[in-house]
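The values are calculated or read from the model by the stated rules, or taken from the named source; none is laboratory data. Small disclaimer: the values here were computed from a predicted structure and weren't measured. Ideal geometry is used to build each Cβ from the backbone, glycine not excepted, and the neighbour counts take in all protein chains shown. The protein model used for the area step is the full one, side chains on, heavy atoms only, and it has no ligands, DNA or RNA in it. Shrake-Rupley method; radii C 1.70, N 1.55, O 1.52, S 1.80 Å.
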Amino acid sequence: MRYRDRAHAGRELAAALAELRDEGALPDPIVLALPRGGAAVAAEVARELSAPLDVLVVRKIGAPHHEEFGVGAIAGDDPPLLDRATLAHLDLSEDSLAPVVDRERQELRRRERRYREGRPPPALRGRTVLVVDDGLATGSTARAALRHVRGRGPARTVLAVPVGAPDSLDALATEADLVVCPYRPAVFSAVGQWYDDFGQLTDDDVLDALRRA
């Protein structure tokens, strides 16, 4: 299976979630996109479920001088969620990561201000919260997002992605009440390999998805 683009992936994911909705498994849903890539997918899910759409900004914490190599993630004002085994392997400490965490926290807050346009974060208590992204590789940002959501009193948490690495999906089964992923390829190297069009989205793309919702 390959997806043409994020909108196509969102419709396929939405179809799987609609079946669960029809079974009564998704009462009072709210959809939280992990921007930027998750916004286009989540817009399709929110439309199918007739659910409100909002964002949950999460930032990856990269190793110093190797920012693409993730060692953790942050969500909201929560402490950074760090991969201790990776830190030990790279001989890194929390203190050595402090400048990276501060920089990512600033970017997280910038994006929250831009995307929310003055709106407060949505109330999640007692609701079914669907955390949606365009795919799952290591799962570090999804884990941080789910723990952040869990701290806000939802009735149920659902991680929903169109494609994901099987091992990472299995590892997150203890973080969410339900993990929904239509495509779990046995050989997985990157999310983008399962899309024909995986172009980078912009802040304006995220805002457009939120405004249309």
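Residues whose amide H comes within less than 5 Å of that of Val71, counting only those at least five positions distant or on another chain, are Ile61, Gly62, Ala63 (H built at 1.01 Å from N in the peptide plane). In the context of the full protein assembly, Arg84 retains an accessible surface of approximately 140 Å², using a probe radius of 1.4 Å and ignoring ligands and nucleic acids. Given a 1.4 Å probe and the protein chains as shown, Asp197 ends up with an accessible area of around 90 Å². Think of each Lys and Arg Cβ as +1 and each Asp and Glu Cβ as -1; about the Cα centre, that makes the dipole of the chain roughly 620 debye.
Distance from the alpha carbon centroid of the stretch 135-184 to that of the stretch 1-44 works out to 13 angstrom. Using only alpha-carbon positions in the stretch 144-213, the gyration tensor eigenvalues give semi-axes of 23, 21, 9 Å once each is multiplied by 5 and square-rooted (largest first).
Scaled to the globular estimate 2.2 N^0.38 Å, the Cα spread of the stretch 1-102, given as radius of gyration, is 1.38.
The mean sequence distance of close C-alpha pairs (under 8 Å, at least 6 residues apart), as a share of the length of the chain, puts its relative contact order at 26 percent. Based on C-alpha pairs under 8 angstrom that are at least 6 apart in sequence, the stretch 31-152 has a relative contact order of 34 percent. Within the stretch 21-83, antiparallel bridges make up roughly 75 percent of the DSSP beta bridges whose residues both belong there. Show that you can apply the helix-only estimate: for the chain, add -39,500 (n - 2.57) for every DSSP H stretch of four or more residues, divide by all residues, and state [θ] at 222 nm to the nearest 500. Helix-only estimate at 222 nm: -12500 deg cm²/dmol. Once all protein chains are placed together, Tyr3 keeps about 0 Å² accessible to a 1.4 angstrom probe.
Sites listed here are GluC sites (Glu not before Pro) in the stretch 12-99 whose DSSP assignment is loop and whose Cβ has at most 12 other Cβ atoms within 10 Å: Glu23. Can you run the Rg to Rh ratio on the stretch 31-88? Use alpha carbon positions and the Kirkwood inverse-distance Rh. That ratio is 1.13, to two decimals. By DSSP, the beta bridges lying fully in the chain are antiparallel in about 30 percent of cases.
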